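**Q** First the structure, which I've put down as structure tokens, then a few questions once you've had a look.
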Amino acid sequence: MARYRGVIFDLDGVITDTARYHYLAWKKLADELGIYFDEVINERLKGVSRLESLEIILEKSDKKYSQEEKEYYANKKNEYYKEMIKRITPQDLLPGVERFIEELKKRGIKTAIASVSKNAFTVVENLKIKDKFDYIVDANEIKHGKPDPEIFLNAAKHLGISPEKCIGIEDSAAGITAIKRAGMYAVGVGNPETVKEADLILKDLSETDKILELLG
Ligand code: B16
Ligand code: MG
């Protein structure tokens, strides 16, 4: 019997490049607030919640923001982001995604999406990939964001597969930690420095032969 029976995908930065839109939306807000923000700081935002992301951006500001102001600005960023993801189409799937999912199906491997984004369902709808997955985690059900393993454990539970028989795929440091804490095999894609703690590092999902080998 194959060692692994389930593959759990992060969405932003793994299936599509919404990580870019998150960056552009935060950058627009940071520029408006006169706060320095760049792509290096942005790496720390990947996989973490909206309000936690704002906290990281505000580290570079001398001004103290009230909770109300923080919620206002986090919401403002989300409005910018929502405008950007309206333009997403199936052409925005990252290289290799469709073929990899088909290969997994052929092998009888179950698949899920584990995204903490409250906008994940809109993105999945626009990409037209909803029916390709056995389960999509509802971020509203998750109490603890990545690096907590909750979201990956929730996906495995819904697939009916024990965590050690699952592979998780992530582009964020927080996400790789979450996968490892869940007791799964971690595949990192994207910036190799960001995902350096992964068990296997790939450029993107066009390089999945190594994962398919693990599945036997
Ligand atoms: P939202 P993932 C995460 O999605 C993003 O990586 C992260 O940058 C974002 O802040 C978070 O979702 C929350 O997203 O503001 O849309 O609820 O990587 O878990 O797919
Ligand atoms: Mg991600």
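**Q** Accessible area, 1.4 Å probe, largest first: how do R50, R5 sort?
**A** Listed by decreasing accessible area, they come as R5, R50.
**Q** Ignoring everything except DSSP H segments at least 4 long, calculate the 222 nm mean residue ellipticity for the chain; use -39,500 (n - 2.57) per segment, divide by total residues, nearest 500.
**A** Value at 222 nm, helices only: -13000 deg cm²/dmol.
**Q** So what is log10(I(q)/I(0)) for the chain at q = 0.08, 0.13 1/Å, when the Debye sum runs over its Cα atoms only?
**A** -0.27, -0.70
**Q** Report the antiparallel proportion of the DSSP beta bridges in the chain as a percent, rounded to a multiple of 5.
**A** 5 percent
**Q** Please sort by residue number the trypsin sites (Lys or Arg not before Pro) in region 119-216 whose DSSP state is loop and whose Cβ has at most 12 other Cβ atoms within 10 Å.
**A** Sites meeting the loop and neighbour criteria: K128, K143, K196, K203.
**Q** Calculate what fraction, in whole %, of the accessible area of region 19-86 sits on carbon and sulfur atoms when a 1.4 Å probe is rolled over the protein chains.
**A** Within region 19-86, the accessible surface is 49 percent carbon and sulfur.
**Q** Pairs of Cα atoms under 8 Å, at least six residues apart: use those to get the relative contact order of the chain, whole percent.
**A** This gives 28 percent for the chain.
**Q** Would you please name the GluC sites (Glu not before Pro) within region 122-216 that are DSSP coil residues with at most 16 other C-beta atoms within 10 Å of their C-beta?
**A** Passing sites in region 122-216 are E193, E197.
**Q** Between S206 and Q67, 0.36 nm times their residue separation minus their Cα-Cα distance comes to what?
**A** Extra length from S206 to Q67 when fully extended: 45.8 nm.
**Q** Continuing with this model, one more query. Give me the percent of Cα-Cα pairs in region 112-201 that sit more than 19 Å apart, rounded to a whole number.
**A** 38 percent
**Q** Further, regarding this structure: Any idea of V14's accessible area? Nearest 10 Å², probe 1.4 Å.
**A** Approximately 0 Å² of V14 is accessible to the 1.4 Å probe.
**Q** Just the accessible area per residue of the chain, please: how many Å² with a 1.4 Å probe?
**A** I get 50 Å² per residue for the chain.
**Q** If you don't mind, there's one more thing I want to ask. Sorted by average packing, counted as other Cβ atoms within 10 angstrom per residue and highest first, what order do 26-32, 55-61 take?
**A** Ranking, from highest mean packing down: 26-32, 55-61.
The values are calculated or read from the model by the stated rules, or taken from the named source; none is laboratory data. Just so we're clear, the structure is a prediction, and the values are computed from it rather than from any experiment. All Cβ positions, glycine included, derive from the backbone under ideal geometry; neighbour counts span all protein chains shown. Note: accessible area is taken over every heavy atom of the protein model, side chains too, but ligands, DNA and RNA are not part of it. Shrake-Rupley method; radii C 1.70, N 1.55, O 1.52, S 1.80 Å.
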